[in-house]
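Notes for the one structure printed next.
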Amino acid sequence: MRYEKLSNEAVALALSELDHWMLCEDQTAISKEFAFGDFTQAFGFMTECALVAEKMDHHPEWFNVYRRVDVRLTTHDVNGLTAHDFKLAAAMDKIAARRV
């Protein structure tokens with residue numbers, strides 16, 4: 001699959017449409033911390049996100065401790081951000097909203 005790296009302007013616009021996602025310092029990724037009531041909810045979130053990511057063939061970098069899931073999204077093929085990163089971020093936000 002071929003990905004197209006987004007311009008800085010396109011990244012800023014796409015980021016403005018997401019809730020609490022941050023542009024990483026190196027500007028090649030976006031990140032967000034999700035917090036849930038307990039480990040089971042956090043793991044359920046990760047499981048549901050993993051199914052979406054697999055269908056998209058676009059996988060997150062993430063880290064889980066107890067009820068917290070830290071997510072970083074980037075497209076390694078272009079060493080930056082693509083529409084896929086923002087599509088997965090929006091899907092993750094929807095999944096998280098159902099679990100709060």
Please compute the per residue accessible area over the range 8-97 with all protein chains in place, 1.4 Å probe, rounded to a whole number of Å².
57
Testing the spin-label approximation: label points 7 Å from Cα along Cα→Cβ at Asn79 and Phe43. State their distance in nm.
3.9
For the chain, set up a GNM with springs between Cα atoms under 10 Å and report which of Asp85, Asp70, Asp26 has the largest fluctuation.
Asp26
Sorted by accessible area with a 1.4 angstrom probe, largest first, how do His58, His20 fall?
His20, His58
When the accessible area of the chain is computed with all protein chains present and a 1.4 Å probe, what percentage of it is carbon and sulfur?
54
Solvent exposure, largest accessible area first (probe 1.4 Å, DNA, RNA and ligands not counted), of His59, His76
His76, His59
Taking the Kirkwood radius as the inverse of the mean 1/r across Cα pairs, report the Rg/Rh of the chain.
0.96
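The values are calculated or read from the model by the stated rules, or taken from the named source; none is laboratory data. Since the structure is predicted, the reported quantities are computational estimates derived from the model, not experimental observations. Every residue, glycine as well, gets a Cβ built from its backbone with ideal geometry; the counts of neighbours run over all protein chains shown. Accessible surface is based on the protein model in full, side chains and every heavy atom, while ligands, DNA and RNA are left aside. Shrake-Rupley method; radii C 1.70, N 1.55, O 1.52, S 1.80 Å.
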